[in-house]
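The values are calculated or read from the model by the stated rules, or taken from the named source; none is laboratory data. Because the structure is a prediction, the values reported are computed rather than measured. Cβ: placed from backbone, ideal geometry, glycine included. Neighbour counts: every protein chain shown. All accessible areas refer to the heavy atoms of the entire protein, side chains included, with ligands and DNA or RNA removed. Shrake-Rupley method; radii C 1.70, N 1.55, O 1.52, S 1.80 Å.
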Amino acid sequence: PASRSKVERCQSSTMVGSPSASSFLTRSPDASFACPPSPGYACPPSPGNPLRSPFSLHEWAEMKIGPRKRISLANSGWLAKLCSWVPGLMVFPAMAMLLWSAIFWPQVFYMVSVGLSIYNLFYTINLSVSSAIGLKKMHWEVGVDWHAKLKSLQAESPNDTSVMHIVIIPNYKEEEDMMLETLLNLAQSGLASDSMWVVLAMEEREGVLARDKASRLIDKTRHLFADISATFHPDLPGDVKGKSSNTQWAYRQQQRRLGPQLKSHDKTRVFISCCDADVLWHPQYFSAVSYKALCMSQKERSWTVFQPPILLLRNLFSCPGPTRLTGYATILFVLGGLANQNFAPHLCYSSYTITYALASHHLIDGWDRDVIAEDHHMFCKCFFASIWEQLEAQHILESKEAGNSGASTSGVKPMMQLTPVFLPATSYLVQSDGWLSSIMARFTQARRHAQGLAELSYVLLQHFHLLRTERTSRLALFTHTRIAGIAGKMSAVHIIAPFHCLAVILATSLLVEQTFRWILSLGTSGVLQTLTERGLEGWLAMKSLDGVKWALCAVFGALPPMGIMLTGLSYVVVKDLLEGKLTKDASILKKIGATEPAVPDIQGSAIGPNGLGFWKCTSLLAMMIYDHVTGGVITMVLYGLIPAAFASWSLLFQNGLNFAYVVGAKPKDKNE
């Protein structure tokens, strides 16, 4: 209303769910804040004395604790645009440099190629060792009866250990049978019947088919859960069609629908799980999350994300080799990232759990509606929110203490943590009808995954906003290193690995070209004579072949050990999964029958309790070696380099948001 004062209107205009000053601006500025006498410290204006400061109330708040609006690449302004350009400015000049040096300055090109090989070798070693540790932890946690531990804990303290799980399943044009499998899998949890509220997050644009499908699924499974319902996400202005905007709509609807239940629970004991429509959770996962969370302090679990290892192995044997190879790489990325978070925190991936306290925090306010990589983005938003909140709290404390800030505050470190739950969740690799169509479907999905480069820009944008505040000195060095670690992890996956692939391709081309040039200069007889007289060692010692030796080092130097580590570890994980060692429920003592599949929902499952047997193990290992040898380059080019280039181009000109979200194709018959 026009009758309100300018300051009151300014206060109420602050956006909900942003790193804003709203939590303290609603108080009387005169009563809440004293003006520190330090020079250069502007006092906030107040209704009684609007001329106390040369800054407006919002300008003052923004300077002290950060921007009042939600930080987004979609915002107008030079900083958001500059951050959106960063991936493109990294990708395209680097591509040009590699091509130029390969043609005009081969020695420099070989040195860069060797450097990339060495980096990726050590990165792979780190992932492999960490993944081996993660595999050991996974075996240990699978053998624990987490539900029994949870019930024992709840029996000791029944008043403050109740839990509530909301499981949101965003989907669009997914097969009904597959979604029924997902729901039946959820029902295997010991918490399903009394503590699990399932939400089928449908898309309204799917039409009447979505409503009919949701109705049938609810009718078939309503007796299995405390509650199951469906939401229908409409096409709204500002929404980027996809998982994030759909999840946010479902989250908002459940806030309204389950209001009484949510108010009666401690927010840190209400868990929200977001999962893909084809994910099969471990039966003990939700009990393990509950137990681990209840063993934390209330503050600690309010800033915790729980992440299981995601194994894309449900249809391993019917996919093309290059697609299978991405599944093997995911094993290392997920297990290694979860087991070793010393250099950088692992990011949310595919399916994860957060507390309602975190989702409803005023700096987070659910999922953003204008992003594509919802999992990575949600982690990054929560990570930075934990920093902004502390800066805001420190500012309030200092203002109340009239400038005695030095004795009462310390370096701000992120409170956000990702807690691994080493109980694997399995899902499908992309598969369509036929080999070529499956390759193209996986390429389409890879383009969507590459849009995760936008999260690199988002991390930089958040960091720059932190650096622009007057409270930069309050950030601990650890905070800057963690932010650098997140940016480095994204760069390693989306930029450095594809560029190593490009360098290998160019080095191979130079190797072939220089070898043919040498053969033509000597002739066939001269080559045979040289090899006969000097042997292979003498041939390689020839000065004229210095370029060839550099190329051999660049192409083959790091690839064999990388391939051995990747193949060996992924083989063990796949074998253990097919034999049921990673999916068994510790609360069930029944043994597998002689003719029963060890893992009924996984293609290629072992039959009976004795595992795969020698010949099947040998066949599995041979298939995985063949995939690595023949599909490595294709995989990195089709699913890494080209999608990264597309994503970088999109960020340069469209903030990365003008992208059609296409759901990955799944097999219609899990046994085909």
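The condition of being on the phi > 0 side of the Ramachandran plot, of a type in the set (Ser, Thr, Tyr) and in contact with a strand residue (DSSP E or B) (Cβ under 8 Å, 6 or more places away or on another chain) holds for only one of 302, 290, 350, that being 350.
Residues of the stretch 311-332 that are in contact (Cβ under 8 Å) with a residue 60 or more places away in the chain and hydroxyl-bearing (Ser, Thr, Tyr): 318, 323, 326, 328.
Quick check: anything in the stretch 483-493 surrounded by fewer than 20 Cβ atoms within 10 Å (Cβ to Cβ), touching a Gly at 6+ places or on another chain (Cβ under 7 Å) and of a type outside the set (Asp, Glu)? No, because not a single residue in the stretch 483-493 is surrounded by fewer than 20 Cβ atoms within 10 Å (Cβ to Cβ), touching a Gly at 6+ places or on another chain (Cβ under 7 Å) and of a type outside the set (Asp, Glu).
Across the stretch 309-347, what is the total count of residues that are polar (S, T, N, Q), surrounded by fewer than 21 Cβ atoms within 10 Å (Cβ to Cβ) and within 19 Å of the chain's Cα centre (by Cα)? The number of residues fulfilling the criteria is 4.
Checking each residue in the stretch 141-175 for being under 16 Å from residue 196 (Cα atoms) and open to solvent by 30 Å² or more (accessible area, probe 1.4 Å) picks out 147, 151, 162.
For (1) out of contact with any Ser or Thr (no Cβ under 9 Å at 6 or more places or on another chain); (2) without any contact (Cβ under 8 Å) to a residue 40 or more places away in the chain, each residue gets a yes or a no:
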| site | (1), (2) |
| --- | --- |
| 452 | yes, no |
| 457 | no, no |
| 476 | no, no |
| 482 | yes, no |
| 503 | no, no |
| 510 | yes, no |
| 519 | yes, yes |
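Filtering the stretch 444-457 to residues that are open to solvent by less than 40 Å² (accessible area, probe 1.4 Å) and under 14 Å from residue 666 (Cα atoms) leaves only 445.
Rundown of residues vs (1) of a type in the set (Phe, Trp, Tyr); (2) under 29 Å from residue 626 (Cα atoms); (3) at pLDDT 95 or above, yes/no style:
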site	(1), (2), (3)
322	no, yes, no
329	no, yes, no
342	no, no, no
348	no, no, no
355	no, no, yes
391	no, no, no
398	no, no, no
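Quick one: in the stretch 254-308, which of the residues that are more than 22 Å from residue 194 (Cβ to Cβ) and assigned to a helix (DSSP H, G or I) is least open to solvent (accessible area, probe 1.4 Å)? Checked the stretch 254-308; the qualifying residue least open to solvent (accessible area, probe 1.4 Å) is 302. A search for C-beta distances below 7 Å between a residue of the stretch 343-358 that is touching a residue at least 40 places away in the same chain (Cβ under 8 Å) and any residue that is among the charged types (D, E, K, R) and outside any helix (DSSP H, G or I), counting only pairs 6+ apart in sequence or on different chains, returns 350/276; 351/276.
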